[in-house]
Each structure stands twice: as structure tokens, then as C-alpha cells.
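Pasting in a structure now, in C-alpha cells, and then I'll have a few things to ask.
The values are calculated or read from the model by the stated rules, or taken from the named source; none is laboratory data. None of the values given here were measured: they were computed from a predicted structure. Heads up, the Cβs are rebuilt from the backbone with ideal geometry, glycines too, and the neighbour counts pull from every protein chain shown. The protein model used for the area step is the full one, side chains on, heavy atoms only, and it has no ligands, DNA or RNA in it. Shrake-Rupley method; radii C 1.70, N 1.55, O 1.52, S 1.80 Å.
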Amino acid sequence: MIKGINHYNLRSDEETMGILKDFYINIVGLKLGERPAFKSKGFWLSAEGKDILHLSSTPNNELRDHHTNSTFDHLAFSASNMPYYEKVLSENNIKYSYREVPEIRTKQLFFKDPVGNGIELIFIA
């Protein structure tokens, strides 16, 4: 039986992986965590001590298309301190949109990472 989401993985060449690592740490607010010594290079990023994003290198540092059409739309993070995120996104010239859903008492910010993956930050009102 499924109990929830464990983590998600983004796989890229090493240069892009470094860009994504910096983005998810400096913009989204994840922390660099411990990663087992796998054959591929990579990073595990965590929130509240739980690894939730794995960044892995492609075999032979293979380049992959960015901003491609796929069925993946976004990943949502629970967050707090919406004014902080609005400031960080604005200061880093990252376009974002805002939505409020009163029925479930949430406010949401939507934006893209450097390779086009969608991110949603959910703030409980």
C-alpha cells in the first residue's frame, strides 16, 4: 500500500546538476544532505531532515533536453513565510504566479527551476 511520496529524482549532465543544486538550495530552501556512494555522481537535498530531491548525473555525462514537452507539470512543497519567497524570487528575477484557494485555506506560488520543471509552494492560510 502506498504511504506517500518518498523523493523525486532529476537526472542531468554534471554542469546542469550543479546549477539545479544551487537553485534548490538557494532559492527553494532545501538543505544538502548525505548521499550513499553510488556509481553516479549526485546530491541528495532534504527538508526537515528528510531527503526529498535526488540529483543524479546522466551516464557518461550525457546531455539531455531542457524545457521539453512532457506530462510532468510541477512538484509542490509545503512552505511557510510567503513574503520571504516572494522577495527571493523577485530579487533573482524568477517569474512566478500567485493563486489563493479559500476552500482549502491555501495560498500558492508557482515558478520554474532553471531547466523548466514546475515548482509550487503551498502556504496554509
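Just to be sure I understand the filter: pairs with C-beta atoms under 8 Å, separated by 6 or more residues or on different chains, first member in segment 49-68 and free of Cβ contacts under 8 Å to residues at least 24 places away in the same chain, second member of a type in the set (Ser, Thr, Tyr). Which pairs pass?
These pairs meet every condition: PRO59/SER40.
Out of everything in segment 1-15 that is touching an Asp or Glu at 6+ places or on another chain (Cβ under 9 Å) and in a loop (DSSP other than H, G, I, E, B), what residue ends up being farthest from ASN61 (Cα to Cα)?
Within segment 1-15, the match that is farthest from ASN61 (Cα to Cα) is ASN6.
Now for a separate question. Against the condition assigned to a strand (DSSP E or B) and among the aromatic types (Phe, Trp, Tyr), how does PHE38 come out, does it pass?
no
Restricting to segment 55-86, name every residue that is over 22 Å from ARG99 (Cβ atoms), open to solvent by less than 90 Å² (accessible area, probe 1.4 Å) and in contact with a Lys or Arg (Cβ under 8 Å, 6 or more places away or on another chain).
LEU55, SER56, SER57, THR58
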